[in-house]
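Read through the structure below, which is laid out as structure tokens, and then see the notes.
The values are calculated or read from the model by the stated rules, or taken from the named source; none is laboratory data. Because the structure is predicted, anything quoted here is derived from the model rather than measured. Backbone-built Cβ (ideal geometry, glycine too); neighbour counts: all protein chains shown. SASA here: full protein model, heavy atoms, side chains in, ligands and nucleic acids out. Shrake-Rupley method; radii C 1.70, N 1.55, O 1.52, S 1.80 Å.
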Amino acid sequence: MMIDARCGHLEEKIYADVHNGLCRKCHSNFTFLLELEQKYGEDALIEYWYSKILTYLSPEKKEQDVNCLIDHLIEFYQENLIKYPSKKNYTKKMLYMLYSLQEPFDIETLK
Ligand SMILES: [Zn+2]
């Protein structure tokens, strides 16, 4: 049975149920981000988000690949904030960047 996954894409219910409610593509993007952090460290992920923010600032270069994942990522880092108190500063930095990515879209909806 196909359902709307949390990210807004169509996916088999049986797949989404065991992968945080995400579709295959978004789950693989999410896994990619975690691997990036594991392989290259926290700074690499911070740089990744920083470059995303810069990308969003130029309207002609808007990428859509992680837009739909942001809610999930915010939830993920909010949980980490509680789970890993020693990483608090890093996790807060990540949340701050994710909120910055979300903000432009909130402004759009106010227009
Ligand atoms: Zn998706």
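Things worth noting here:
- Test for K62: is it at pLDDT below 90, surrounded by 12 or more Cβ atoms within 10 Å (Cβ to Cβ) and of a type in the set (K, R): no
- Residue list for the stretch 35-55, filter: open to solvent by less than 30 Å² (accessible area, probe 1.4 Å) and of a type in the set (S, T, N, Q): T55
- Subset tally (residues that are open to solvent by less than 30 Å² (accessible area, probe 1.4 Å) and touching a residue at least 24 places away in the same chain (Cβ under 8 Å)) for the stretch 1-20: 1
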